[in-house]
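Reading through the structure tokens given below for one structure.
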Amino acid sequence: MTARTTLYDLLGLAPTASEADIQAAHLRLTRHYQSGNHGLPPADVDNKLKAIREAVWILADPGRRAAYDAGLARSRPAVAEAVVEPLLVRDPLPLQVEIKAAKRSPLRIMLGVIGTLMIIGMLIQIFFSVFAFRRVASGDGAAEAQQKVIAAERRQMYGDMSEQEIAEQEAAERRQRAESVRRQEEQRAEYARKEEERQREHALQERSYYADRVSAELQQAEEAARRKAEYEQRQKEEQQRRAEAEEQNRLQERLARERARLHLNN
């Protein structure tokens, strides 16, 4: 049996992929198909890119993605194939219901008929579900069904707008996103410039503070040297005065002794 191609398969992602994974897959696949290294004709490349954009448009929005995941969960391909495959391969057996009025009460007969009708209805519903699933799962049918889902959601989102108007609105949205990214880049650049200026001013302040501190230390050292020199000069002058005073005292003592000796001699 042909496996169903989902939007996750189209992007090469798991159903648990995050929004960042979806955007990264979108960028990767777009670059791949725009690079020309795929060997596909231009028409197929355009269809691929369009399908990728529509898949991202659905899966990148939480509401649209939830609705799409709910649709995948309701299909239940594995269970439907396991239950209905025998019915499609083999001829259905005729349903025989034997009602013996003599042995069963009317209530049990009615419940049996209702149960039989419910079973028949369930089998018919399963048959048509598998038929629809096989039709959708077959190549073009899957793409067509996806395109119908995408077109319906786009009509719900854009209303009665034409394809040109939708393209113009999407282009405007892309320009807005590009403008937003540009503004963010400018803000980051402005912040980086201001941060660089702040760091430069801080460095200048540091150098100025260091220069002032060195100048103050030099002045203090010069003042200390001057005071030391003055102190040493005063000490030297004081020693010289004491030496002169001592020499004067010795001369006075010698004169006094000479006078006393002359006086004794007379």
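The values are calculated or read from the model by the stated rules, or taken from the named source; none is laboratory data. Computed from a predicted structure; not experimentally measured. Don't worry about glycine lacking a Cβ; one is built from the backbone with ideal geometry, like all the others, and counts go over all protein chains shown.
In table form, for the structure just shown:
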quantity: The lone exception for Pro86 - which of (1) exposed (fewer than 10 other Cβ atoms within 10 Å of the Cβ); (2) modelled with pLDDT of 85 or more; (3) not basic (Lys, Arg) it fails; calculated: (2)
quantity: Search result, residues across the stretch 26-58 that are in contact (Cβ under 8 Å) with a residue 24 or more places away in the chain and either among the small types (Gly, Ala, Ser) or not in a helix (DSSP H, G or I) (or both); calculated: Ala51, Ala55
quantity: Test: residue in the stretch 188-203 that is closer than 30 Å to Trp57 by Cβ, at pLDDT 85 or above, surrounded by 10 or more Cβ atoms within 10 Å (Cβ to Cβ) and outside the structural domain of Trp57 (by TED's automatic domain parsing); calculated: yes
quantity: Met1, sole failed condition from (1) outside the structural domain of Ala67 (by TED's automatic domain parsing); (2) at pLDDT 90 or above; calculated: (2)
quantity: Some residue of the stretch 33-43 being closer than 16 Å to Leu7 by Cα and surrounded by 15 or more Cβ atoms within 10 Å (Cβ to Cβ); calculated: no
